[in-house]
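Below is one structure, written out as structure tokens, with a few remarks after it.
The values are calculated or read from the model by the stated rules, or taken from the named source; none is laboratory data. Bear in mind that the values here come from a model prediction, so they are computed numbers and not experimental data. Quick reminder, even Gly has a Cβ in these numbers, built from the backbone with ideal geometry, and neighbours come from all protein chains shown.
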Amino acid sequence: GSGDEGSGEGSGEESEERQAAMVAQLREALLARGYEMRDAPARPAQLPSFDIAGFAQRLASCPPRSVVVLCGAGISVSAGIPDFRSPGTGLYDNLQKYDLPSPQAIFELSYFRERPDAFYLLAREMWPDNFQPTPAHHFVALLHAKGLLRRCFTQNIDSLEARAGLPADLTIAAHGNFDGCHCIETGEPVPLGEVRRAVAVGREGPGGWAELAERYGGLCKPDIVFFGEQLPARFFEAAEADLPAAEALIVMGTSLKVQPFASLLGRCGLATPRLLLNRELVGEADPMVRLLGLRDPRAMLHGDEANHRDAFFKGDCDAGVLELARLLGWDEELRASIHDHAQAQQQPPPGPPPPSPPAAAAELSSRTDRDHSPNTGASPKASPVAARSKRKGLLGGIRNRSKTG
């Protein structure tokens, strides 16, 4: 009997030793990939304060064309376009009316071939000429007008960056958009206007999508990246060139759950200041990393004792960019851009109307978060803020309001 007990104790010890060895191997593998021990020396602080006011001070000193922006669905919500994952209002919840086998099916080629009407109905609702850019889109265009923007990477397929005046060469649509169309069988481009009309007409009738498919040798769809499709080569090329060169990174309205887009957060230098404008904190390291006694220096470190560069504004993207513009002294230009665009479209701007100065500064300081018509190939008009920006200089004079931010 005693021999059996000894054998049991031995096997238990061996099991613990194996587990310890596996943990050690995993830790070594992660260290080799750039993770750090949690007790590693702290890095020098890159922001005067780890909030939007501290980030604004750093942003004001950035050299030309050194700011990179990462955008998700959250920046388009106030335009009336649902994000993907918000319970009850997100796109995946709203897709239930199409009786899909799964919410993602509407963006799968196999399901599109089997039942194209579901995607075409969605495309009719989401076609970009139905929507107008939000304050967040106008802020990205303002960064360009100030000469600071290097690139805007977006997960969105709505092309609203272009409608706000951002040149196409500065926008990387990681998941494609409605700016072009092609036949899924031949890969050949199809005139955008024909697909737009087919989506509006429906399946049957002259110009409908059934006739379009017969004419071009297969179903035709906008250049939106479906699940399983390769992202545009331009995405990978720009990520390799732009992120390491960034002097500041702004992340807005994304869950950072979809790869490879989510990996962009960690592609900038380890000393590059980052600002997250979002309803919730995202981009944090897996809890297992902490259990292993490690830290991922590329993950969002806001709230971590080792944070040296990350600021977080909790709230809607529009509120975040309005506050950032106020801190930079750009609020008048941003509001003028929003107003000018709305007047040009002869409709009210999306979202709640901005308060008029001087009440605007008080209200915002109390909160702590192309013209391409799809049927034409016209270039987007210059942003209405561009001329004003040139007159006022590169930064328009930052206001140091870290105490009120």
In region 295-339, residue modelled with the lowest pLDDT [restricted to those that are more than 21 Å from the chain's Cα centre (by Cα) and basic (Lys, Arg)]: Arg295
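How about region 27-58: which of its residues are part of a helix (DSSP H, G or I) and touching a Leu at 6+ places or on another chain (Cβ under 8 Å)? Full working, then the answer.
Keep residues of region 27-58 that are part of a helix (DSSP H, G or I), which gives 27-32, 52-58.
Matches in region 27-58: Arg27, Leu30, Leu31, Ile52, Ala53, Gly54, Phe55, Ala56, Gln57, Arg58.
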Region 251-267 - residue that is out of contact with any strand residue (DSSP E or B) (no Cβ under 8 Å at 6 or more places or on another chain) and within 16 Å of Cys317 (Cβ to Cβ) and, of those, surrounded by the fewest Cβ atoms within 10 Å (Cβ to Cβ): Ser255
From the options Leu270, Leu265, Leu275, residue that is hydrophobic (A, V, I, L, M, F, W, C) and either assigned to a helix (DSSP H, G or I) or in contact with a Cys (Cβ under 8 Å, 6 or more places away or on another chain) (or both): Leu265
Residues of region 113-127 satisfying the condition of being closer than 17 Å to Ala213 by Cα and assigned to a loop (DSSP other than H, G, I, E, B): Arg115
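Name the residues in region 193-215 that are out of contact with any Asp or Glu (no Cβ under 7 Å at 6 or more places or on another chain) and closer than 26 Å to Ala168 by Cβ, would you?
Restricting attention to region 193-215, the residues satisfying the condition of being out of contact with any Asp or Glu (no Cβ under 7 Å at 6 or more places or on another chain) are 193-202, 204-209, 211, 213-215.
Within region 193-215, Gly193, Glu194, Val195, Arg196, Arg197, Ala198, Val199, Ala200 qualify.
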Matching entry among Ala285, Ala342 (being more than 24 Å from Ser66 (Cα to Cα), more than 16 Å from the chain's Cα centre (by Cα) and part of a loop (DSSP other than H, G, I, E, B)): Ala285
Exclusive hit being part of a strand (DSSP E or B) and within 30 Å of Val258 (Cα to Cα), set Gly187, Gly218, Gly180: Gly180
Lone unmet requirement of (1) in a helix (DSSP H, G or I); (2) surrounded by 14 or more Cβ atoms within 10 Å (Cβ to Cβ); (3) at pLDDT below 95 for Ala238: (3)
Of residues in region 74-94 being in a helix (DSSP H, G or I) and within 21 Å of Asp223 (Cβ to Cβ), the one modelled with the highest pLDDT: Ile75
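Name the one entry in Ala210, Ala233, Ala248 that is among the small types (Gly, Ala, Ser) and surrounded by 19 or more Cβ atoms within 10 Å (Cβ to Cβ). Show your work before the answer.
Details: Ala210 fails: surrounded by 19 or more Cβ atoms within 10 Å (Cβ to Cβ); Ala233 fails: surrounded by 19 or more Cβ atoms within 10 Å (Cβ to Cβ).
The conditions single out Ala248.
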Qualifying residue in region 51-65 (condition: surrounded by 10 or more Cβ atoms within 10 Å (Cβ to Cβ) and at pLDDT below 95): no
Output for region 157-182, where each listed residue is over 16 Å from Ala238 (Cβ atoms), within 14 Å of the chain's Cα centre (by Cα) and not hydroxyl-bearing (Ser, Thr, Tyr): Ile157, Asp158, Leu160
